[in-house]
Amino acid sequence: MFQVDAFTDRVFSGNPAAICPLEHWLDEATMLAIAGENNLAETAFFVREGSGYALRWFAPKSEVQLCGHATLATGFVIFNYLLPGTTAAQFQTCSGPLSVKQDGEYLAMELPALPAKPCPTPPSDLLAGLKPTPRLVLKAEGGAGEGNYFVVYESEDDVRNAQPDLARLEKLHPCGVCITAPGKESDFVSRYFVPSFGIPEDPVTGSTHCTLGPYWSERLGKPVLHARQISQRGGTLMVEPRGERVLLRGKAALYLQGEISL
């Protein structure tokens, strides 16, 4: 197992992911138990399949449908530790084919775009679960669960100082909640809460940028955006919407390497 901090160039920041290369699939209960034992936002498992790989992601409480940072971290492990010199990897996932490529000093991956639509009647638990109280709420299908709510605030300070009631937000399962605003030193900032999956606040989230990228690109009129997720650990992404896909660029750093005893 490799533990990699994704969307950062140094350890102790970004989003940690556990990456488990397998010769064959373990049963689902065992993979979920490993994810729970790791207690990280995601544990990724992958198996060689033809010229590419089959890839699955597990949060501490359940399997998820899309995970950007663990996909980026899996590519990082392949390129640097399993097949040094490799610069591209193809993955088959429950969200369709994904790829990671070495792009200069960055790792680049394409994920499906998940455009948001206005949510005229937000759930009461969402409205009561965030302070400041949301004014503009959007909803996007897909992502880690079966959709996410996106709350757009006026300023970076609103996002940084937001006080989520996680017990309230947990009731929105299987949806997570992303809050966002224009950034001071970046194009936009965000935070993401998914308590029902065992992730009170995700440090850096690739999948939410499949929605944030198209939204902020249209709003700001910029084709490529510099994004910061301002969790306690923090992380940086370059986001480039490309129609039905979104290109994310980021870096990664190895924290540890070991073996799991079963």
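The values are calculated or read from the model by the stated rules, or taken from the named source; none is laboratory data. For clarity, every value in this text was computed on a predicted model and none was experimentally measured. Every residue, glycine among them, receives a Cβ derived from its backbone with ideal geometry; neighbour counts consider all protein chains shown.
Kindly provide the set of residues from segment 172-231 that are under 23 Å from LYS61 (Cα atoms), surrounded by fewer than 24 Cβ atoms within 10 Å (Cβ to Cβ) and among the polar types (S, T, N, Q), ordered by number. Selection gives SER196, SER231. Against the test of being in a strand (DSSP E or B), surrounded by 20 or more Cβ atoms within 10 Å (Cβ to Cβ) and among the hydrophobic types (A, V, I, L, M, F, W, C), the options LEU98, LEU72 yield a single qualifying residue, LEU98.
Being surrounded by 17 or more Cβ atoms within 10 Å (Cβ to Cβ), touching a residue at least 12 places away in the same chain (Cβ under 8 Å) and on the phi > 0 side of the Ramachandran plot is not true of GLY129. Name every residue in segment 134-168 that is modelled with pLDDT of 90 or more, surrounded by fewer than 21 Cβ atoms within 10 Å (Cβ to Cβ) and of a type outside the set (A, V, I, L, M, F, W, C), in order of residue number. Correct list: LYS139, GLU154, SER155, GLU156, ASP157, ASP158, ARG160, ASN161, GLN163, PRO164, ASP165, ARG168.
For segment 183-220, a residue qualifies if it is β-branched (Val, Ile, Thr) and either without any contact (Cβ under 8 Å) to a residue 12 or more places away in the chain or assigned to a helix (DSSP H, G or I) (or both), and exactly one does: THR211. With respect to the conditions (1) charged (D, E, K, R); (2) part of a loop (DSSP other than H, G, I, E, B); (3) modelled with pLDDT of 95 or more, LYS131 falls short on a single one, namely (3). Return the residues of segment 78-95 that are part of a loop (DSSP other than H, G, I, E, B) and either of a type in the set (A, V, I, L, M, F, W, C) or in the same structural domain as GLU218 (by TED's automatic domain parsing) (or both); say none if nothing qualifies. Across segment 78-95, the qualifying residues are LEU83, CYS94.
Would you point out which residue out of THR43, THR86, THR71 is over 24 Å from PRO200 (Cβ atoms), polar (S, T, N, Q) and modelled with pLDDT of 95 or more? Before the answer, list the steps.
Values: THR43 fails: over 24 Å from PRO200 (Cβ atoms); THR71 fails: over 24 Å from PRO200 (Cβ atoms).
Result of the check over THR43, THR86, THR71: THR86.
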